[in-house]
Amino acid sequence: MKILGRTVSRTQLIKAVCLILVCLLAFSYYVFFIEASGKYSEDYMHDEGNYIAMAKRLVAGEEYSYWGEGPDAYVSPGFPLFLTVCMSIFGTDVQGIHCIKAVQCVLATFTVLLTFILGYQLTRKYSVGIIAAILIALNGGFGAYCRYLLTECLYYFTMMFFFVVFVYTVKHQERRWLYFLSGALFCVCVMVRPLIIIVTPFLFLPGVIRNWKQWRKILIPIGLFAAGFVLLALPWWIRNLVTLGKFVPLATQTNPIYAGLAPDVAALGLSDPGSLLGNIKLLFQLLIEHPFQTIYWMTVGKFQIIFMDDLPLFVLQSVTAAVKDIALYVGLVGALCALLHKRYRWPTILFFVYFLSSFLFVPVARYALQYMPFLAIYAGYVATVTFQHFRANGEVSALRQGQQGAQN
């Protein structure tokens, strides 16, 4: 069979149709959320209301300010600029905001597609990618946050897009311009939600180890990646220097770290030091003064809140809970198993660095969603390996029975 001049087998066609159906299912599911949950409601969450007001001011030509009390760099510019562009196209009224929610449905659907692509890239197995895509498509948490103008949908899309491009870049190292593109995409991710910057050293560590003493093979990719990042970040840095009189690389907001140091930081008589270094000092102070309580809170306590609490959904809560638990628990088992596999070890180390970094911040159930695409891929990996194992054992058993029958 030929499609667009290319020969396609029946199996390839069926696989493509299945993937398209999964993406269409996801898109329909997400659109249902934004249509059935207060279509033109102006009852915004706190952060959501601030982002909307901020974007409206930017559309009107006013200064970049999260609080509206003068220029600031309280939040990084990725999501506010996304909202500003969308409002410039669709308008700032409730209908325009609803259109932006529809755009977020498209981004969430592409996140499902990118989950499939990344799973296939890493394992070269269609089954891993399609299982992961299904687990994300059926996770109502992604649909729930399509209806909120928060960083979630944009971040999941840019995050997955970056990882797909970076994996492709590593596999085609001769195309050095891809490192520049990867650096620019990484900057986009960081400017939407800065946490991911913690994985930066681990992106290139395998290449450094593999090409030790071959400095050109180490420095050229890193240099091109850094150039792409800096080129995109430069306008933000210059703006902060000119407007605020200081260098702000990402944002000045530090309270998510401070608020996550204890279940009730106010009860401990602590105050926000307003800096990353200050919050790290507070953490060590708590570890010295309350070691067991702090360790429990920073591990088990936060895990329960981030990964075990249910998101508030008004439909198919049980379905979302089931696919979330499958992705989480089976995915963690798959990730631990992948550490033993040489081919998957470094990507898995990078995942765990990113995964564990969430325990530094205030625990919120929606923060688990950023890890679900990766956990879904590991769950697909476990399912595929398990199925192949049983099938191989079944074939061996059938062969032995056939040999015994022939001998009899």
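What to note about this one:
- Any hit, region 130-139, residues being modelled with pLDDT of 95 or more, under 30 Å from residue 240 (Cβ atoms) and open to solvent by less than 40 Å² (accessible area, probe 1.4 Å): no
- Exactly one residue out of 110, 162 is modelled with pLDDT of 95 or more, in a helix (DSSP H, G or I) and closer than 16 Å to residue 19 by Cα: that is 110.
- Scanning region 25-40 for residues that are open to solvent by 80 Å² or more (accessible area, probe 1.4 Å) and without any contact (Cβ under 8 Å) to a residue 40 or more places away in the chain returns a single hit, 35.
- Screening residue 104 against (1) out of contact with any Asp or Glu (no Cβ under 9 Å at 6 or more places or on another chain); (2) of a type outside the set (A, V, I, L, M, F, W, C); (3) closer than 22 Å to residue 317 by Cβ leaves a single unmet condition, (1).
A quick yes/no check of all residues on (1) open to solvent by less than 10 Å² (accessible area, probe 1.4 Å); (2) under 17 Å from residue 160 (Cβ atoms); (3) touching a helix residue (DSSP H, G or I) at 6+ places or on another chain (Cβ under 6 Å); (4) touching a residue at least 12 places away in the same chain (Cβ under 8 Å):
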{"site": "337", "(1), (2), (3), (4)": "no, no, no, yes"}
{"site": "350", "(1), (2), (3), (4)": "no, yes, yes, yes"}
{"site": "356", "(1), (2), (3), (4)": "no, no, no, no"}
{"site": "362", "(1), (2), (3), (4)": "no, no, yes, yes"}
{"site": "374", "(1), (2), (3), (4)": "no, yes, yes, yes"}
{"site": "379", "(1), (2), (3), (4)": "yes, yes, yes, yes"}
{"site": "388", "(1), (2), (3), (4)": "no, no, no, no"}
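- Which listed residue is in a helix (DSSP H, G or I), within 13 Å of residue 110 (Cα to Cα) and without any contact (Cβ under 8 Å) to a residue 60 or more places away in the chain, from 153, 187: 153
- Checking every residue in region 298-314 against the condition of being open to solvent by less than 50 Å² (accessible area, probe 1.4 Å), charged (D, E, K, R) and assigned to a helix (DSSP H, G or I) gives at least one match.
- Some residue of region 44-51 being farther than 27 Å from residue 235 by Cβ, assigned to a loop (DSSP other than H, G, I, E, B) and of a type outside the set (A, V, I, L, M, F, W, C): yes
- When each of 177, 212, 236 is tested for being modelled with pLDDT under 95, of a type in the set (Phe, Trp, Tyr) and more than 24 Å from residue 351 (Cα to Cα), the lone residue that passes is 177.
- Selection of region 358-372 for residues being part of a helix (DSSP H, G or I) and farther than 16 Å from residue 151 by Cβ yields 359, 360.
- In region 41-65, the residues that are closer than 14 Å to residue 149 by Cα and either modelled with pLDDT of 90 or more or buried (at least 16 other Cβ atoms within 10 Å of the Cβ) (or both): 44, 48, 49, 50, 51, 52, 53, 54, 55, 56
- Taken over region 75-97, the criterion of being part of a loop (DSSP other than H, G, I, E, B) and either surrounded by fewer than 16 Cβ atoms within 10 Å (Cβ to Cβ) or acidic (Asp, Glu) (or both) is satisfied by 91, 93.
The values are calculated or read from the model by the stated rules, or taken from the named source; none is laboratory data. Bear in mind that the values here come from a model prediction, so they are computed numbers and not experimental data. No Cβ is skipped: glycine too gets one built from the backbone with ideal geometry, and neighbour counts run over all protein chains shown. Heavy atoms of the whole protein, side chains included, go into the accessibility calculation; ligands, DNA and RNA do not. Shrake-Rupley method; radii C 1.70, N 1.55, O 1.52, S 1.80 Å.
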